[in-house]
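Asker: Just dropping this structure here.
The values are calculated or read from the model by the stated rules, or taken from the named source; none is laboratory data. Because the structure is a prediction, the values reported are computed rather than measured. Counting neighbours? That spans all protein chains shown, and the Cβs are built from the backbone with ideal geometry, glycine included. Protein only, heavy atoms only, side chains kept; ligands, DNA and RNA dropped before computing areas. Shrake-Rupley method; radii C 1.70, N 1.55, O 1.52, S 1.80 Å.
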Amino acid sequence: MLNFQTIMLFVGFLMIIAGCYCMIRTYHMLKIIIGIEVAMKAVTMFLILAGYMNGHMGLAQAYVITAIVIEVIVAVVFAGVTIGLYKKYGNMDIRNLTELKG
Amino acid sequence: MATIIYISLAFLLIFCVMAVMSHSLLKSAIYLALASATLGVILYVLGAYWAAVIEVSVCSGLITVIFISAISLSKIKKEEVQKLYSDKKRMWFLPVMLIVVGVALIVLALANDLSLTNTAEKVTEDFREIFWNTRQADIIGQIVTILIGGIAVFVLFRDDEDKK
Amino acid sequence: MNYLNYAGEAFLLIPLSAIFLNNICNKRFIEKHFHILTGAVALLQMIAAVFAFYIMDANQMLNFDFSVFGSSKITGIELFDINPVSLVFLFCIGMVAFVSVMISIRTIDVKKGSYVNLLMTLLIGMNGMVMVSDLFSLYVFLDVIGISSFVMIAMFRSRKGLEGSIKYLIISEIASIFILMGLSFISMKTGSLSFKDIGRNLLTNTFELQTILIYAAIILMIAGFSIKAGIVPFHSWLPDAHQSADTSISVLLSGIVIKIAGIYGIYVLTNIFGGIKAYQVSLAGLGIISVVVGALLAACQSHFKRIVAYSSVSQMGYILLGLSTGSTLGIVGAVAHVFSHAAFKSTLFTNAAAIHEQTGTLEIDEMGGLQSRMPVTAFSSTIAFLSTAGIPPFAGFWSKLLIVMALWGSGNQILAGFALCASILTSAYFLRLQKKVFFGKTPEHLSSVTEVTGSIKFAEILLTAVTCIVGVLFPLIIIFLHSRGLI
């Protein structure tokens, strides 16, 4: 039961938990990007592991490169929206956002 | 070769958890860059040469630059950052448990010397042929995404009249 | 077959060329006439969808593969694929985009945002998503839709817009990460992710790591697409994001984006995994919870757009119920409900834009008695409400009937009864809305409002006509489908 694939899956799963914990429990808006990035690294590792397991490494690399491009653009858009909110409120605290009621 | 992967996995987990738990944003960014470099090492050893190069150059370089420029555009003094987090209850045992479990597993793997089992035969194909010839739908998607990124920078960072 | 080739490539290349035209031409000219450019693109999309459907039906073709930029000459692999279901979705996309342009003539100041560019990229994303034949390309276009809608909500950089955009962004990124994790687990077992190669027999009955991974992939992908579609319990972003955007963007978001980003993904999953009993049970459970909880939450809101957003949550539950049956009748009912929901939800948001234009407020406690002053708005709102609640002879009645019949026929009689009774809840919150806004006494400060004029009135009349005509002519559609052997 304990082989190489299982260990990599388990470490990746721990990284995704860490990333989601960061996204949910932080009070600083820019820390959310760090959570997204950590989770995307785990997904990159899963994609390359899948390519290693079934032998099609070229296809897996194509997937990873596309995912990296999308990840960069999401980080840019998030930073833009965050800086817009900083200009409105004066600090980066996410507890300020109370205008919309749940 | 298996030992390199296991040691790099341990470092990757440690760097990621430190990036999540650190109080200062600059240190988080640097831990993230180190984690990207370690992931590049893992990708290279597994055989994904092109993906490793792009991962190290883009994630460890470009995203760190974007992050640090976003931090510097919002000039918060260091004392305010500490004040933001001093009243937040930290569950410090959760990341410690994560690191301990992860590292224990890897030490177990190193002790038993689990080697890389490759159950499928490798299909010899060139990444460049596949990417440019068969994944054209992805390329169209990527071009449109980069276009939206350009429009977003233009719209969101525009510097016209300041509404108070 | 050349027409189909041109039509297929037109869905992707026409919005792209509209972006180029928008940025190259003279700026003042474009700012005065932007609605002609975008309206023409939306109209062309609707006409091309109908035309392609007619040709495909005349030649008895079930699907048609094509590629853009002629890459198939090199490897013989076709990248895009049209079938009649995707043509119905493409028609809905064109219709809602047209309505959004009609509203934006009055409510958007084009100098301040990039409405035209972002609408065109959103169209490329949605058209691409319903036309691809590969799971990973589906994910890429899903992210194109996501990033485009984040920027559209935050376009005017108001406080509410930026806050709604951040909440939507965080939750949508979690969904994208789940979907990509599910994709990687599926890819560990099969070599490629294209629809033809995955096949239907992914699950074997042995207890090994691969089977656990495939089950985990199914759960993760259902969760990811449900977050994007606004299904309970993942619905918390939907009212905030749809309320804080400008009304012409709320039409797009609630009218078509949650359906393409969420429901089309679940439709693709149903094609792959539809035979598994656990999959059908989980979809049915999510659907019925969404129908009931969405309706209950809508009954206690006091903002017009929030009521309509919670109503979207409820209707998405109906579509999931239709997809969970696994029979062809259920899928036909779900696709028909996508179309009728696009029609009546756009009508409701157009009414919201009209009321906001004329009275300046959207809190229903401050309104009343607008029926005598805004008769066209009141009439179209009543027709939309009757269609939502499933009252004949409007379009909503037929699609709900098909879904309930599919549920009954596949053995879930209890769920069919629940879905019928939930229509009462739907009528409840809409009756409250109608009574508070349109009937009753007019308050003092609203005694001088008049009917809205111009493009918003035209959009209301057009959508009401579509709902009535499709409702009256629906038996012809059923006869047509029966003659093709689908029902």
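Asker: Quick one: in the range B:52-63, which of the residues that are within 8 Å of another protein chain (Cβ to nearest Cβ) and without any contact (Cβ under 8 Å) to a residue 12 or more places away in the chain is surrounded by the fewest Cβ atoms within 10 Å (Cβ to Cβ)?
Answerer: Pass one, the range B:52-63, residues within 8 Å of another protein chain (Cβ to nearest Cβ): B:54-55, B:58-59, B:62-63.
Next cut, without any contact (Cβ under 8 Å) to a residue 12 or more places away in the chain only: B:54, B:58, B:62.
Numbers: B:Ile54: 18, B:Val58: 16, B:Leu62: 14.
Here the answer is B:Leu62.
Asker: Which of the residues spanning the range C:324-370 are free of Cβ contacts under 8 Å to residues at least 60 places away in the same chain and in a loop (DSSP other than H, G, I, E, B)?
Answerer: Matches in the range C:324-370: C:Ser324, C:Gly360, C:Thr361, C:Leu362.
Asker: What about C:Ser448, is it closer than 26 Å to C:Gly368 by Cα and within 20 Å of the chain's Cα centre (by Cα)?
Answerer: For C:Ser448, the condition - closer than 26 Å to C:Gly368 by Cα and within 20 Å of the chain's Cα centre (by Cα) - is not met.
Asker: Restricting the search to the range A:15-43, which residues are closer than 19 Å to B:Ile42 by Cα and either surrounded by fewer than 21 Cβ atoms within 10 Å (Cβ to Cβ) or at the interface with chain C (Cβ under 9 Å from one of its Cβ atoms) (or both)? Reasoning before the result, please.
Answerer: Residues of the range A:15-43 that are closer than 19 Å to B:Ile42 by Cα, as a first pass: A:15-16, A:37-43.
Result: A:Ile16, A:Ala39, A:Met40, A:Ala42, A:Val43.
Asker: Same structure again: Would you be able to say whether some residue in the range B:20-29 is at pLDDT 90 or above and open to solvent by less than 30 Å² (accessible area, probe 1.4 Å)?
Answerer: yes
Asker: Considering the range C:116-135 alone, what residues qualify as being facing chain B (nearest Cβ under 7 Å) and over 16 Å from the mean Cα position of the chain (by Cα)?
Answerer: Correct list: C:Asn117, C:Leu118, C:Thr121, C:Val132, C:Asp134.
Asker: Going residue by residue through the range C:309-316, is there one that turns out to be farther than 12 Å from C:Gly230 by Cβ and aliphatic (A, V, I, L, M)? Break it down stepwise before answering.
Answerer: So the first thing to find is which residues in the range C:309-316 are farther than 12 Å from C:Gly230 by Cβ, and the list is none.
No - not one qualifying residue is present in the range C:309-316.
Asker: Here's a check for you: in the range C:234-269, which residue that is within 13 Å of chain A (Cβ to nearest Cβ) and not in a helix (DSSP H, G or I) is surrounded by the most Cβ atoms within 10 Å (Cβ to Cβ)?
Answerer: C:Ala245
Asker: OK, next. Going through A:Thr6, A:Thr98 one at a time, which residue ends up being outside any helix (DSSP H, G or I), more than 7 Å from chain B (Cβ to nearest Cβ) and either touching a helix residue (DSSP H, G or I) at 6+ places or on another chain (Cβ under 6 Å) or open to solvent by 10 Å² or more (accessible area, probe 1.4 Å) (or both)?
Answerer: After applying the criteria, what remains is A:Thr98.
Asker: Would you pick out the residues in the range C:382-434 that are under 30 Å from C:Gly368 (Cβ atoms) and of a type in the set (Val, Ile, Thr)?
Answerer: Selection gives C:Thr382, C:Ile383, C:Thr388, C:Ile391, C:Ile424, C:Thr426.
Asker: Please specify each residue of the range A:70-93 satisfying the condition of being out of contact with any Leu (no Cβ under 9 Å at 6 or more places or on another chain) and either outside any helix (DSSP H, G or I) or in contact (Cβ under 8 Å) with a residue 60 or more places away in the chain (or both).
Answerer: If the condition is that a residue be out of contact with any Leu (no Cβ under 9 Å at 6 or more places or on another chain) and either outside any helix (DSSP H, G or I) or in contact (Cβ under 8 Å) with a residue 60 or more places away in the chain (or both), then A:Gly90 is the only one that fits.
Asker: Oh, and also: Restricting the search to the range C:429-472, which residues are β-branched (Val, Ile, Thr) and either open to solvent by 40 Å² or more (accessible area, probe 1.4 Å) or part of a helix (DSSP H, G or I) (or both)?
Answerer: C:Val437, C:Thr442, C:Thr450, C:Thr453, C:Ile456, C:Ile461, C:Thr464, C:Val466, C:Thr467, C:Ile469, C:Val470, C:Val472
Asker: Residues in the range C:146-155: is at least one touching a Lys or Arg at 6+ places or on another chain (Cβ under 9 Å), part of a helix (DSSP H, G or I) and of a type outside the set (Lys, Arg)? Full working, then the answer.
Answerer: If we filter the range C:146-155 for residues that are touching a Lys or Arg at 6+ places or on another chain (Cβ under 9 Å), which is where we start, we get C:146, C:155.
Going one step further and asking which of them are part of a helix (DSSP H, G or I), we end up with C:146.
Subsequent filtering for residues that are of a type outside the set (Lys, Arg) retains C:146.
Scanning the range C:146-155, I find at least one residue that is touching a Lys or Arg at 6+ places or on another chain (Cβ under 9 Å), part of a helix (DSSP H, G or I) and of a type outside the set (Lys, Arg), so the answer is yes.
Asker: Next up: Would you mind telling me which numbered condition in (1) out of contact with any Gly (no Cβ under 7 Å at 6 or more places or on another chain); (2) over 25 Å from C:Gly317 (Cα atoms) C:Leu486 fails?
Answerer: Just one mismatch for C:Leu486, condition (2).
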